[in-house]
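Scroll down for the structure; my scribbles are underneath it.
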Amino acid sequence: MSQSYNRGLIEDFGRWREFSAGMWAWVFHKFTGWVLVGYLFTHIAVLSTAIPASSQDAAVLAANGDIYTETIVALESLLVVRILEVGLLAVAVFHILNGLRLLLVDLGIGLESQDKSFYASLILTGAITVASVPTFLAGAF
Amino acid sequence: MAEHYSSFTKGGRLWLWQRITAAFLVVVLAFHFFLLHFVNHADEVTFAMSQARMESLSYYSLMILFLVTATFHGVNGVYNALVNQGLTGTKRQVVKWTLVAASLLLLVQGVRTANAWAGYTTFF
């Protein structure tokens, strides 16, 4: 006789108090994934200013007065954009490190150390993010 | 023996492609961040510098592949998350095709942008 285990609604965030390290890793991976895919669409939209810029006069392009350069320079002059970029880096680094961890788990490597590798992902994400702050905020003040 | 219990289509290849694109994106996303924030700084971006990078066929090809894999991985990830959340039936079909349409728009716009830098003619 077959047995089945009904897990109910798979994503029941109301049970967050019962979450183990693996569940938090999964929630963070999902959250960072949503942020990254949202950013991808925004990123292409902003970079699309290169399309009208490419047909501007050579003199305007040489003087960096085109719409693409001006858009990026204007965005980068805003402190809030610089801070959001640090946030984006943190999100991307966590998604990369936890993604590597997931690829290893899928291959059956390090199954006993899943919790430790999640904590390592978090610590390394924090360290890389903090170390990157001077580069990301350079010239913003 | 336990019954097969999964939200994913049995025998589907999307699961594998999500992992293949993940392995590629781990490397290329890290490279992208490193090149455009640490080697070149974001506040020093100019059209000419972006153009100089994109005129190299190897860089252009890498960025197009980056666009395609990131779009697939991101949009398929969103779809998987919604299916896990309990999306079924007609709603699932509507969401699926909306995401397919959004992906196609993103790919077209991304290629048009890359072509604007590389100097290639875009026919759409």
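Computed from the coordinates by the stated procedures, all read-outs in this text should not be read as laboratory data. All of these numbers come straight from a predicted model, not from anything done at the bench. Every residue, glycine among them, receives a Cβ derived from its backbone with ideal geometry; neighbour counts consider all protein chains shown.
Laid out as a table, the results:
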item: Mean Kyte hydropathy of 0.0 or more with a Cα span along the axis of at least 18 Å, helices from DSSP in chain B; result: B:14-33, B:57-84, B:89-118
item: Signed unit charges on C-beta, dipole axis of chain B, positive-most listed residue B:Q93, B:S56, B:F34; result: B:Q93
item: Potential lengthening between B:M49 and B:L87 on full extension [0.36 nm per residue; Cα-Cα distance subtracted]; result: 9.2 nm
item: Within-11-Å neighbourhood charge of B:V78 [Cβ basis; K, R +1; D, E -1]; result: +2
item: Separation of alpha-carbon centers, the stretch B:82-109 and the stretch A:102-123, rounded to whole Å; result: 30
item: Point-to-point label distance, B:W97-A:A131, nm (Cα→Cβ direction, 7 Å offset); result: 4.9
item: In degrees, nearest ten, helix A:79-106 long axis to first principal axis of chain A (Cα); result: 40
item: Gaussian network model of chain B, Cα within-10 Å springs - most flexible of B:G77, B:G89, B:G110; result: B:G89
item: Dipole moment magnitude, nearest 20 debye, the protein assembly as shown about Cα centre, only Lys, Arg, Asp, Glu C-beta charged; result: 920
item: Among A:V133, A:V60, A:F41 the positive-end extreme of the charge dipole of chain A (Cβ point charges); result: A:V133
item: Student exercise, chain A dipole from Lys, Arg, Asp, Glu Cβ charges, in Debye to nearest 20; result: 460
item: Nearest 10 degrees, 0 to 90: helix A:114-137 Cα axis against chain A principal axis; result: 10
item: Options A:Y119, B:W117, A:F19, ranked by Cα towards positive dipole end of the protein assembly as shown, top entry (Cβ charges); result: A:F19
item: Relative contact order (%) - the stretch B:8-124, alpha-carbon pairs under 8 angstrom, separation at least six; result: 35
item: From phi via Karplus (6.51, -1.76, 1.60), per-residue ³J(HN,Hα) for the stretch A:27-35 in Hz, x at Gly/Pro; result: 5, 5, 5, 5, 4, 5, x, 4, 4
item: For chain B, size of Cβ-based charge dipole, Lys and Arg +1, Asp and Glu -1, in debye; result: 540
item: Cβ-Cβ FRET estimate between A:D106 and A:Q56, R0 fixed at 51 Å, reported to 0.05; result: 0.60
item: Using a Förster distance of 35 Å, the FRET efficiency for A:I67-B:L16 (Cβ separation, nearest 0.05); result: 0.25
